[in-house]
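Trainee: Mind looking over this structure? Questions follow.
The values are calculated or read from the model by the stated rules, or taken from the named source; none is laboratory data. Note that the structure is a prediction, hence the values are computed from the model and not measured. Counting neighbours? That spans all protein chains shown, and the Cβs are built from the backbone with ideal geometry, glycine included. Surface accessibility is based on the protein's heavy atoms, side chains included, excluding ligands, DNA and RNA. Shrake-Rupley method; radii C 1.70, N 1.55, O 1.52, S 1.80 Å.
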Amino acid sequence: MSIDPHVFVIFGATGDLTKRKLIPALFHLMQNEDIAERCHVLGTARSDWSDDKFRSVAKEALRNADFDEADIDAWCDQRLFYQSLGEDGADFEALQHRIEDIEEQFDLPQNRAFYLSLPPRTYGPTIKQLGEQGLSESDGWTRVVIEKPFGQDLESAKELNDTVHAAFREDQVFRIDHYLGKETVQNLLVFRFANAMFESLWNRDRIERVEITVSENLGVGDRASYYDSSGHVRDMLQNHITQLLSLVTMEPPAAMEGDEIRQEKVKALRAVMPPSPEDVVFGQYSEGEVGGERVPAYTDEPDVPDDSDTETFVALRLEIANWRWRGVPFYIRSGKRLDKKRTQIAVVFQRAPIALFQPGGEPCIPEEAGCSAEPNVLLITLQPNEGFDLRFEVKSPETNSGDMQLDTQHLSFSYRDAFGPIPDAYTTLLRDVITGDQTLFVRSDEVEASWRLYTPLLDADLPVHDYPAGSWGPDETFELLPSWVDGD
Ligand code: BG6
């Protein structure tokens with residue numbers, strides 16, 4: 001799809017996301033496709049910056065990201081602009097004039113993307129202002145991109161959807177979840193629907209359980225002002241992890257098109273049963289050791305109140321009430337300051353009905369105590385070593401019948417070995433915004449289906465258990481599932 005000349009307006013342009021992700025992603029896109037003259041960036045924020053100040057911050061960000069020096073200066077000096085913006089109508093009117101000036105200067109056809117990289121409480125008012133100012137329509141295309149979190153719970157998400165829909169049509173709205181831009185997350189669809197071999201096993205008849213691990217070894221860093229009032233359910237579970245869940249469990253779409261795919265994801269999410277509190281573990285990290293270094297407890301991190309009971313970890317068991325999945329438990333664990341950074345999906349297949357290869361030779365039933373039988377496991381690693389690993393049993397040499405011993409071996413595929421470095425998620429997603437492809441963006445009913453699952457947990461006042469930084473979460477996690485697949 002071709003990239004039209006446009007103005008890309010960033011709300012919150014002085015923030016960290018703009019420097020770290022948005023400017024590098026836009027620049028990469030323009031360089032790669034050799035279309036630098038089509039993308040004009042207008043940064044806005046409250047700060048009283050000039051064009052030059054915005055350009056120099058962007059240049060530094062691009063240099064830090066190792067882009068070619070000469071190209072950086074030319075693009076930033078010619079195509080980057082800044083307009084300070086308050087909250088009232090006059091500010092938005094001035095914004096409109098600035099956009100029109102840029103369009104006139106470069107003879108652009110009023111194609112506009114508005115990217116909201118703002119504190120979430122300002123999404124509603126900003127969208128209203130865009131609508132009231134008439135900025136939600138133009139002679140070209142107009143699109144609005146909204147970062148997560150989309151709402152704080154089901155009710156606020158519905159309210160925000162109403163506000164958005166009062167100004168924009170759903171086909172103009174791009175709710176971003178950067179996990180969907182990750183190459184390996186998109187590849188879940190290809191893996192499932194281009195490889196009939198696995199898809200025919202992908203159901204309650206062959207799968208014993210599915211585990212999703214999304215762990216980070218980093219702590220809250222300097223983001224406590226946001227994270228402490230959000231917590232891990234809102235920060236990771238409601239969005240990124242639920243997206244993974246829906247891609248793993250959805251039915252094949254009628255076609256690889258945005259709405260067909262999103263329709264199937266919503267259907268899968270609607271069949272997930274809200275977890276009962278006894279199937280959920282919340283945790284918060286205490287002091288510990290990560291990667292050989294002592295790290296402080298969550299409550300000793302900068303800007304975290306001493307008595308905070310915000311969860312930095314969540315583990316849960318979900319059931320899906322549909323024909324494909326009824327009876328297959330889905331276990332999820334995710335948290336900050338865990339042992340390792342890892343995003344993995346482990347599909348544990350049912351074991352053979354009789355375990356024939358036992359010490360002493362006597363067969364046994366796998367479910368019975370003392371009977372050893374390893375299941376086949378398909379491990380899909382999305383981060384950091386992207387790829388697949390299929391575990392299967394082989395005979396250990398020099399053991400023979402009567403005392404035959406088995407060994408678990410691996411069939412592995414590494415994405416990087418096959419294809420080299422993987423593009424950044426934001427580059428993929430911003431390209432889709434500019435070309436108008438909504439496949440990798442979250443639809444309004446998807447957001448609401450996800451909040452429906454977790455809002456009761458947020459209201460339930462669950463106990464928050466301690467876990468030492470560098471561990472795999474509170475002990476209670478292992479009451480939920482005693483042996484999680486070891487993804488190493
Ligand atoms: C963000 C969360 O959306 O995702 C962060 O706000 C989290 O708290 C991050 O660290 C994880 O993303 P990734 O791509 O590093 O797995």
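Trainee: Taking H as built 1.01 Å from N, whose amide H comes closer than 5 Å to the amide H of LYS148, not counting residues under 5 places away?
Mentor: Amide H neighbours of LYS148: ILE176.
Trainee: Run the dipole for the range 6-147 about the Cα centre, Lys and Arg Cβ at +1, Asp and Glu Cβ at -1, nothing else charged, and hand back the magnitude in debye, nearest 20. Walk me through the numbers on the way to the answer.
Mentor: Numbers: 15 positive and 27 negative charges, 133 e Å.
Dipole of the range 6-147, to the nearest 20 debye: 640 debye.
Trainee: Determine ³J(HN,Hα), in whole Hz, for all residues of the range 336-343 in sequence, where each value follows from phi through the Karplus function 6.51 cos²θ - 1.76 cosθ + 1.60 and θ = phi - 60°; x replaces Gly and Pro.
Mentor: 9, 6, 8, 4, 8, 7, 7, 10
Trainee: Once you've got the Cα coordinates, tell me which of LYS336/LYS395; LYS53/LYS336; LYS265/LYS341; LYS19/LYS267; LYS128/LYS341 are over 29 Å apart. Intermediate results must be reported in sequence, preceding the final value.
Mentor: Working: LYS336/LYS395 39 Å; LYS53/LYS336 35 Å; LYS265/LYS341 26 Å; LYS19/LYS267 37 Å; LYS128/LYS341 39 Å.
From the list (LYS336/LYS395; LYS53/LYS336; LYS265/LYS341; LYS19/LYS267; LYS128/LYS341), the Cα-Cα distance tops 29 Å for LYS336/LYS395; LYS53/LYS336; LYS19/LYS267; LYS128/LYS341.
Trainee: If you place +1 on the Cβ of every Lys and Arg and -1 on the Cβ of every Asp and Glu, how big does the dipole about the Cα centre of the chain come out, in debye to the nearest 20? Please report the intermediate quantities before stating the final value.
Mentor: Values: 47 positive and 88 negative charges, 194 e Å.
Magnitude of the dipole: close to 940 debye.
Trainee: If you don't mind, there's one more thing I want to ask. Test of the criteria: in the range 1-69, which trypsin sites (Lys or Arg not before Pro) are in a DSSP loop and have at most 13 other Cβ atoms within 10 angstrom of their Cβ? Don't skip to the end; give the middle numbers.
Mentor: Working: sites: LYS19, ARG20, LYS21, ARG38, ARG46, LYS53, ARG55, LYS59, ARG63; in loops: ARG46.
Hits after loop and neighbour filter: ARG46.
Trainee: Expressed as a rounded percentage, what relative contact order does the chain have, with Cα pairs under 8 Å and six or more residues apart?
Mentor: About 17 percent, as a whole number.
Trainee: Further question on the same structure: For the charge dipole of the chain, defined by +1 on Lys and Arg C-beta atoms and -1 on Asp and Glu C-beta atoms about the Cα centroid, which residue among GLN263, PHE419, LEU80 has the Cα displaced farthest towards the positive pole?
Mentor: About the Cα centre, the residue reaching furthest to the positive side is GLN263.
Trainee: Moving on. Taking a ≥ b ≥ c as the square roots of the Cα gyration tensor eigenvalues, with a/c under 1.5 meaning rounded and otherwise prolate when a/b beats b/c, else oblate, which class fits the chain?
Mentor: Because a/c hits 1.5 or more and a/b exceeds b/c, the chain counts as prolate.
Trainee: Another question about this same structure. Accessible area of the range 393-488 with a 1.4 Å probe: how many percent of it is carbon plus sulfur?
Mentor: Accessible surface attributable to carbon and sulfur in the range 393-488 totals 49 percent.
Trainee: Something else now. Using θ = phi - 60° and the Karplus form 6.51 cos²θ - 1.76 cosθ + 1.60, what ³J(HN,Hα) does each residue of the range 272-279 get, whole Hz, x for Gly and Pro?
Mentor: 6, 8, x, x, 7, x, 6, 9
Trainee: Next question. Angle check, please: helix 89-106 long axis (alpha carbons) against the longest principal axis of the chain (alpha carbons), in degrees 0 to 90, nearest 10.
Mentor: Roughly 80 degrees, rounded to the nearest 10.
Trainee: Considering only protein heavy atoms and a probe of 1.4 Å, how much of the accessible area of the range 6-147 is carbon and sulfur, as a whole percent?
Mentor: 40 percent
Trainee: Next up: Could you provide, to the nearest whole Å², the per residue accessible area of the chain with probe 1.4 Å?
Mentor: Ligands and nucleic acids excluded, the figure is 44 Å² per residue.
Trainee: Can you compute 3J(HN,Hα) from phi for each residue in the range 187-194, using the Karplus curve 6.51 cos²θ - 1.76 cosθ + 1.60 with θ = phi - 60°, rounded to whole Hz and x for Gly and Pro?
Mentor: These are the phi-based 3J(HN,Hα) values: 5, 4, 5, 5, 4, 6, 9, 10 Hz.
Trainee: Compute the acute angle (0 to 90°) between the alpha-carbon long axis of helix 444-459 and the principal axis of greatest extent of the alpha-carbon atoms of the chain; round to the nearest 10°.
Mentor: Between helix and principal axis, roughly 60 degrees.
Trainee: Here is a follow-up. Taking the Cα atoms only, what angle lies between the long axis of helix 154-167 and the longest principal axis of the chain, rounded to 10 degrees?
Mentor: 30 degrees
Trainee: Continuing with the same structure: For the chain, which cysteines have no second Cys with its Cβ under 4.7 Å from theirs?
Mentor: Within the chain, the cysteines lacking a partner Cβ under 4.7 Å are CYS39, CYS76.
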